[in-house]
Structure formats: structure tokens, C-alpha cells
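Just so it is clear, none of the values below were taken in a lab; they were calculated from the coordinates. Predicted, not measured: the structure shown is a model, and the values here were computed from it. Heads up, the Cβs are rebuilt from the backbone with ideal geometry, glycines too, and the neighbour counts pull from every protein chain shown.
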Amino acid sequence: MAADGGAFSLVEQLDPDLLLQVLSHIHAPHHVAIAGAVNRRLRHLCGSDILWRELCRRRWLNRLEAAAWLARAGETAPRDTQHGHWREHFARREHEISAHFPVFLMGGRLKLGAANGLHLFEPRYRRLVQIAMGRDRKFVFAVSAPTLGSIAYVCELHNVTVYADGRADVIALPVAECQLLSHSTESIAPNHPPLLWCFAEILPLPNEAVLRDVVSAQRALATVGQRGNGRAHEAAGWAAALGFAEEDDEDDEDDEDDEDDEDEEADTDAADAGAGAGEES
């Protein structure tokens, strides 16, 4: 190495394509930032679209939105520069991969791509439906009390029927697993348990086969919803044929909710027996 203060002079001599090849083996974005602090040349290369396009592909692999995200980034890529565009898209999607979700808490066994009929009537879960339908229809389904680092399911609401009193019949479709990074509560009403919230990172699906199963389930539910004019009991019939998760009593610390939990479980059991989730109990 040169003795003129150029401790990293060898980096200056390497071919830029070779340097990009070396940098492409970095997986964590913060490591790219560290490499970019070495010298001016690496800082420039660490903003290259070639590098960040590869980072995006790795980060988005086996995610439901990956194809749309890649297409969007490719369509909007400027022709006059190859610097900073893909890094911007990477940062933008991180706000979707890690986000806040309302939490539905009930013991049971869920499977990615397998629909579940639910009858929701507690004030906190009426609020959950209201929140999810006002955003992207997503919520977190936790089968045990949330703890930092625990794994839960990100579910989509499909074929939702909301009654005048706020109760709702829904199809909950698990579309991904997530890791809980933090959690909090939202007060709903006096003498009622609060709504749980979590900040969670959505995890990639295990493989392409599971990805296909989830996409197929989404399309099937969308088709049923259109044909049935959004009536949840028709969707529940399809979902029952697909296979409902077997749900246990809600794992909740509030003893006063035990009776409600039994009602919710009974409703799901009825759906398992072929009853429509749209029938009022």
C-alpha cells in the first residue's frame, strides 16, 4: 500500500466492475453504508443502481409484492443516470416490510394460504376491522400473547360483512409470517380490553411453492367475493372447503373475555362444520 496516506490505494486501482462484484456480496444495507465511508470511490459505487438492484432482488425474494415492486422500480428508472434510483426504492419498500399492525389474539393453528372464517364482535376487534379496511386490509393474527421477537401471521381481510352494530363476519387469509419488534395497546372503551398493536417485520415466504399457494388463495377469494356480491357466507363456504384452521380459546390474560372467546371459537367451529360465516349468531 502507498505510504502517502493512501491506506486503501489498492481500492483505487481495482476495476470498478470488480469492485461492484465484491460489494454485491454485502447483504445488509448498513454494511453498504460502512463500505461507502472508506473512500470517495467506494462511496460513489455504493450508490450504484447495479448494486442496489441486486440488494432489492435479494431483500424482496419470495415476497408477494416482489414482482410489482421490481416492475415499478424498473419502469421509473431514469435513463440519464444509474445512481440512487434503486436505493430510493429499497428505502421506500422498507416502510412496507416493517410496519404497525392491529393484532387479533386467539389460540389456534394457522397455515399460510389457508382461509379462516371469523365472527368478530368484541369492541377491540370491531376497531381492528375498521382500521384494516381503512388501510390495506392487513392485520396480525397472533396465536399466543405477543412478545418481542415472537412470530405471528400477517392476514388479509376478505369478503367482509359488517353489521349495523359493528359486528363483522370476515375471511382471514394468512399471507405471510412476521416477527414482532415491539407492541403497544390502544384503549377502546371503559371495562373493555384494549386493542393490541405491534410493529413487525414481514418475513419472506419459505419458498416459491408457498408463494403460489398464497396467490392462488387470494385470487380464489377475490373471485368468490365478486360472484357472491361480497357476501361473507358464500366466501365461507369456499373457505371451509379449502380448510379452516382449528382455533382454540383466545390466549388472553383478561378473564372477563373467556365467555366471548368461547363464542368466537364456537363460531369458527360452526364454519368448520360448513356453516356460513355470514350467518348471524
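Tabulated data
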quantity	calculated
Three-way shape label, region 84-239, alpha-carbon gyration tensor, a/c 1.5	oblate
Cα gyration tensor shape of region 100-156, rounded if a/c is under 1.5, else prolate or oblate by comparing a/b with b/c	rounded
Summed residue charge, Cβ within 13 Å of Trp69's Cβ, Lys/Arg positive, Asp/Glu negative	+3
Contact order normalised by residue count of region 167-230, Cα under 8 Å, 6+ apart, percent	29 percent
Highest to lowest packing among 195-205, 60-70, scored as the average C-beta count within 10 Å	195-205, 60-70
Per-residue Cβ neighbour rank within 10 angstrom, fewest leading, Asp213, Asp136, Asp49	Asp136, Asp213, Asp49
Reduced Cα scattering model of region 43-154, Debye log10 I(q)/I(0), q = 0.10, 0.14 Å⁻¹	-0.45, -0.73
Fewest-first sequence of Thr223, Thr147 by Cβ atoms within 10 Å of each Cβ	Thr147, Thr223
Sequence of Arg92, Arg126 once ranked by neighbouring C-beta atoms within 10 Å, starting from the fewest	Arg92, Arg126
Global geometry of region 147-219, whether rounded, prolate or oblate, following the gyration tensor of its Cα atoms and the 1.5 cut on a/c	oblate
